[in-house]
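Student: One structure, pasted below without further comment.
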Amino acid sequence: MTRIRRGYIARRRRTKSRLFASSFRGAHSRLTRTITQQKTRALVSTHRDQGSQKINFRRLWITRITAVIRERGVSYSYSRLIHDLYKRQLLLNRKILAQIAILNRNCLYMISNEIIKEVGWL
């Protein structure tokens, strides 16, 4: 009987998962069964941690904005700033405000002073 040559589809599937697991250590990047197990674990962990990553970044942005605002004036708080931004319909999200706070503090001071003048908090 002649030898049957197998198709390439299964091999292509395994190579694809090997490329995904190429950065894993030891048998996790070499053995097919452990590669599939580690791949599912990695994808589950990624999906689970995406929500907490968003929460952590939002917390970081809020902390940065608060630190810059408190540096300037104690009586004006973060919550008042966000409230007044929404009231004036300025479309600046927390990520952009945090970048402005780090890179160009004077710009954030100018924004907050304009809001204070217009709303009349102080």
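The values are calculated or read from the model by the stated rules, or taken from the named source; none is laboratory data. Remember, predicted model here, so these are calculated numbers, not experimental data. Ideal geometry is used to build each Cβ from the backbone, glycine not excepted, and the neighbour counts take in all protein chains shown.
Student: Which of (1) of a type in the set (Phe, Trp, Tyr); (2) under 19 Å from VAL119 (Cβ atoms); (3) out of contact with any Ser or Thr (no Cβ under 7 Å at 6 or more places or on another chain); (4) surrounded by 12 or more Cβ atoms within 10 Å (Cβ to Cβ) does TYR78 not meet, given it meets every other one?
Tutor: Going through the list (1) of a type in the set (Phe, Trp, Tyr); (2) under 19 Å from VAL119 (Cβ atoms); (3) out of contact with any Ser or Thr (no Cβ under 7 Å at 6 or more places or on another chain); (4) surrounded by 12 or more Cβ atoms within 10 Å (Cβ to Cβ), TYR78 breaks only (3).
Student: Right, something else. Name the pairs whose Cβ atoms lie under 9 Å apart, with the first residue in the stretch 84-101 and within 13 Å of ILE115 (Cα to Cα), the second among the charged types (D, E, K, R), and 6 or more positions between them or separate chains?
Tutor: Pairs that qualify, where the first residue is within 13 Å of ILE115 (Cα to Cα) and the partner is among the charged types (D, E, K, R), are ASP84/GLU118; ARG88/GLU114; ARG88/GLU118; LEU90/ASP84.
Student: Considering only helices (runs of 4 or more DSSP H) fully contained in the stretch 26-122, which possess at least 3 residues that are modelled with pLDDT under 95 and more than 20 Å from the chain's Cα centre (by Cα)?
Tutor: Details: elements: 32-72, 78-87, 94-103, 105-119.
Qualifying helices (runs of 4 or more DSSP H): 32-72, 78-87, 105-119.
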